[in-house]
Amino acid sequence: LASTENTEVITADHLLQLSDRALYRAKESGRNRVCRAGQEDTPVPGKSPNPSRPRKAVGEKTFVDVVSVAPGSSPALAALRDAPELKVAEHGSASDFLEAFKEREAQVVVLDMRQPDIDGLALCRRVKSQVQELFVPMVLLLPDPPGDMRDQAFLAGVDLVAPPNIDPRDFLSQLRLMIHLKGLNDRCRSIYHDLTMTRTPILTSLRMCLK
């Protein structure tokens, strides 16, 4: 850093600034790893790969779980099947969805309030409690909800409340907004993980050199 960025004597604070700048450049080039002198480019020991979901590739479809007894009865739900950027999995009950949820990560969940086994709010609470570190948008179809019911839905972890008879185009627009917010959240988590993965060993080494 000192030889490539500045040929003069630099302070410890300046060195930290240069290291941060180098980390950002490494992130942009895909080389977000820490190297020690005389060693190959290897991952930081004890650190696992990025735990957050990888950034979605161009053209990759978003997985949408629909939990509804009769998904074909709602034009909004029926429109999801025709959206080219979505991959829809339909579940006839909350229990069916929870079984699938054990096998793979949920990306977006659209559900009816009334379920044959678990009501929509209880299902929302269960999902949100299991994905506390990830943002999984929960969309609840609720017919003409009174104010207190809407408040209960948001307290349970619902991110969007929509009537079943909502215009399909409006519904898709709101759903795409939720997907966009999830993408931003996942990207922020990825950047935070990469910075903490690389910055901590560098700061530790610098402190040892400056003692």
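The values are calculated or read from the model by the stated rules, or taken from the named source; none is laboratory data. Treat the numbers as computed from the prediction; the structure is a model and nothing was measured. Here Cβ is always computed from backbone atoms with ideal geometry, including for glycine, and neighbour counts include all displayed protein chains. The protein model used for the area step is the full one, side chains on, heavy atoms only, and it has no ligands, DNA or RNA in it. Shrake-Rupley method; radii C 1.70, N 1.55, O 1.52, S 1.80 Å.
Below are the figures for this structure:
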{"quantity": "Accessible surface, 1.4 Å probe, highest first, among residues His193, His180", "calculated": "His180, His193"}
{"quantity": "For the stretch 61-136, fraction of C-alpha pairs farther apart than 22 Å, in %", "calculated": "19 percent"}
{"quantity": "Integer Hz, Karplus 6.51/-1.76/1.60 couplings in order for the stretch 134-139, x for Gly and Pro", "calculated": "10, 9, 10, x, 10, 10"}
{"quantity": "HN-Hα J in Hz across the stretch 79-84 - Karplus 6.51, -1.76, 1.60, θ = phi - 60°, x for Gly and Pro", "calculated": "5, 5, 5, 8, 6, x"}
{"quantity": "Heavy-atom surface of the stretch 53-129, accessible at 1.4 Å and reported per residue (Å²)", "calculated": "50 Å²"}
{"quantity": "Nearest-0.05 FRET efficiency for Arg176 and Ala78, computed from C-beta distance (R0 22 Å)", "calculated": "0.85"}
